[in-house]
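The values are calculated or read from the model by the stated rules, or taken from the named source; none is laboratory data. Since the structure is predicted, the reported quantities are computational estimates derived from the model, not experimental observations. Using ideal geometry, Cβ is built from the backbone for each residue, glycine included, and neighbour counts are taken over all protein chains shown. With ligands, DNA and RNA removed, areas are computed over all heavy atoms of the protein, side chains included. Shrake-Rupley method; radii C 1.70, N 1.55, O 1.52, S 1.80 Å.
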Amino acid sequence: MTVAIDRATGKRRGDRAPRPGLGQRLKHSYHKHWYAYAMITPVIVVLGVLVLYPLAYGFYLTLTDANSLNTARTIGANEIEATYKFIGLDNYADILWGETAYDRFWSHFIWTIVWTAACVALHYSIGLGLALLLNQQLRGRTLYRLILILPWAVPTFVTVFGWRFMLADGGVINSFLETLHLPTPLWLEDTFWQRFAAIMVNTWCGVPFMMLSLLGGLQSIDNTLYEAAEMDGATKWQQFRYVTLPGLRSVSSTVVLLGIIWTFNQFAIIFLLFGDTAPDAQILVTWAYYLGFGQQPRDFAQSAAYGMLLLAILIVFTSFYRRWLNRNDQQLAI
């Protein structure tokens with residue numbers, strides 16, 4: 001076996017050059033892609049200020065016993081220094097396993113899961129039904145689309161306040177039920193009807209987005225697939241099951257994931273509809289707000305711990321959800 005050696009360098013031909021160090025690679029990358037770094041630097045700075053710093057500071061608060069009585073504050077000309085101390089993971093242990101864990105966390109967690117599942121299921125089913133109708137050749141289809149998108153176009157606080165007036169004891173809904181000699185529920189007072197009203201209002205606000213997203217997915221399905229299915233003798237249900245639903249798979253997986261995340265963290269509807277008058281109808285995010293800003297003393301550490309738990313729950317769910325989707329995609333490919 002003959003090895004060729006370069007006389008000028010004394011190195012064997014075919015040998016790989018030594019890999020440059022990290023500093024040299026960063027320097028080379030900067031000289032080559034400096035324009036890209038200049039473009040993304042403002043985004044990184046903004047994300048760091050608005051997202052990363054509050055997140056890191058919030059996590060730090062969860063490791064303390066900070067509240068409105070022991071944090072730094074200014075009263076008149078007097079500046080009071082912070083006196084809260086580091087307590088480690090005690091806040092998480094108290095929330096998850098403390099004496100009042102069920103009343104303060106698990107009951108709200110169970111209701112949050114029920115609220116999210118019910119709302120997203122209603123969003124998707126009603127949105128899909130409306131999208132199928134609007135995908136047909138109907139007279140005045142553009143007008144119908146404008147009317148159905150109004151609940152999403154109107155600001156949320158206007159919609160919720162409108163529903164609050166209608167659900168009041170002397171509101172339109174109860175007045176209409178009285179004319180039909182039907183019972184008039186205490187929509188804003190009884191726990192069951194508070195939860196029912198919250199799901200109803202959130203469904204009203206969330207259906208238009210789901211409808212528009214699924215309508216776009218329906219319009220992207222090739223019509224020749226329906227023609228081929230019809231020639232093969234497929235019924236309307238079979239066309240829906242074997243053509244429409246698979247064609248909407250990618251859109252559905254995305255909008256359902258977004259719907260779950262948005263509904264799980266839906267603060268505005270619960271807060272504007274009930275304020276702090278419905279403790280049993282509070283989901284985790286509104287309960288965390290109540291702990292941090294709706295009581296005295298305000299418990300900043302526990303409120304921040306709830307926020308971290310919410311983030312952890314959503315991260316775990318999203319990872320399992322995406323893994324489940326990828327596994328199903330692989331099975332379908334086989």
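Data table
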{"read-out": "Pairs with Cβ under 8 Å, 6+ apart, first in the stretch 47-62 and in contact (Cβ under 8 Å) with a residue 24 or more places away in the chain, second among the polar types (S, T, N, Q) and open to solvent by less than 60 Å² (accessible area, probe 1.4 Å)", "value": "THR62/ASN91"}
{"read-out": "Every pair of residues 6+ apart whose Cβ atoms lie under 7 Å, when the first sits in the stretch 177-188 and is closer than 18 Å to PHE165 by Cβ while the second is among the hydroxyl-bearing types (Ser, Thr, Tyr) and surrounded by 12 or more Cβ atoms within 10 Å (Cβ to Cβ)", "value": "LEU177/THR184; GLU178/THR184"}
{"read-out": "In the stretch 60-82, the residues that are of a type in the set (A, V, I, L, M) and over 36 Å from the mean Cα position of the chain (by Cα)", "value": "ILE75, ALA77, ILE80"}
{"read-out": "Test: residue in the stretch 232-242 that is aliphatic (A, V, I, L, M) and either at pLDDT 90 or above or on the phi > 0 side of the Ramachandran plot (or both)", "value": "no"}
{"read-out": "Scan of the stretch 249-267 for residues that are part of a helix (DSSP H, G or I) and either aliphatic (A, V, I, L, M) or open to solvent by 30 Å² or more (accessible area, probe 1.4 Å) (or both), ordered by number", "value": "ARG249, SER250, VAL251, THR254, VAL255, VAL256, LEU257, LEU258, ILE260, ILE261, TRP262"}
{"read-out": "Verdict on ILE270 being open to solvent by less than 20 Å² (accessible area, probe 1.4 Å), among the β-branched types (Val, Ile, Thr) and part of a helix (DSSP H, G or I)", "value": "yes"}
{"read-out": "The one condition in (1) open to solvent by less than 80 Å² (accessible area, probe 1.4 Å); (2) part of a helix (DSSP H, G or I); (3) at pLDDT 90 or above that TRP187 fails to fulfil", "value": "(2)"}
{"read-out": "Sole exception among (1) under 27 Å from ARG195 (Cβ atoms); (2) crowded, with 16+ Cβ neighbours inside 10 Å for ILE313, by number", "value": "(2)"}
{"read-out": "Subset of the stretch 121-164 that is among the polar types (S, T, N, Q) and free of Cβ contacts under 8 Å to residues at least 12 places away in the same chain - its residue that is least open to solvent (accessible area, probe 1.4 Å)", "value": "SER125"}
{"read-out": "Checking PHE157 against (1) within 30 Å of THR244 (Cβ to Cβ); (2) modelled with pLDDT under 90; (3) assigned to a helix (DSSP H, G or I), the condition it does not meet", "value": "(1)"}
{"read-out": "Every residue from the stretch 54-69 that is at pLDDT 90 or above and open to solvent by less than 30 Å² (accessible area, probe 1.4 Å)", "value": "GLY58, LEU61, THR62, LEU63, THR64, ALA66"}
{"read-out": "Residues within the stretch 280-298 that are touching a residue at least 24 places away in the same chain (Cβ under 8 Å) and either among the polar types (S, T, N, Q) or open to solvent by 40 Å² or more (accessible area, probe 1.4 Å) (or both), tallied", "value": "5"}
{"read-out": "Test: TYR124 is under 31 Å from the mean Cα position of the chain (by Cα), part of a helix (DSSP H, G or I) and within 30 Å of PRO279 (Cβ to Cβ)", "value": "yes"}
{"read-out": "Hey, LEU47 at pLDDT below 90, surrounded by 11 or more Cβ atoms within 10 Å (Cβ to Cβ) and not β-branched (Val, Ile, Thr) or not", "value": "yes"}
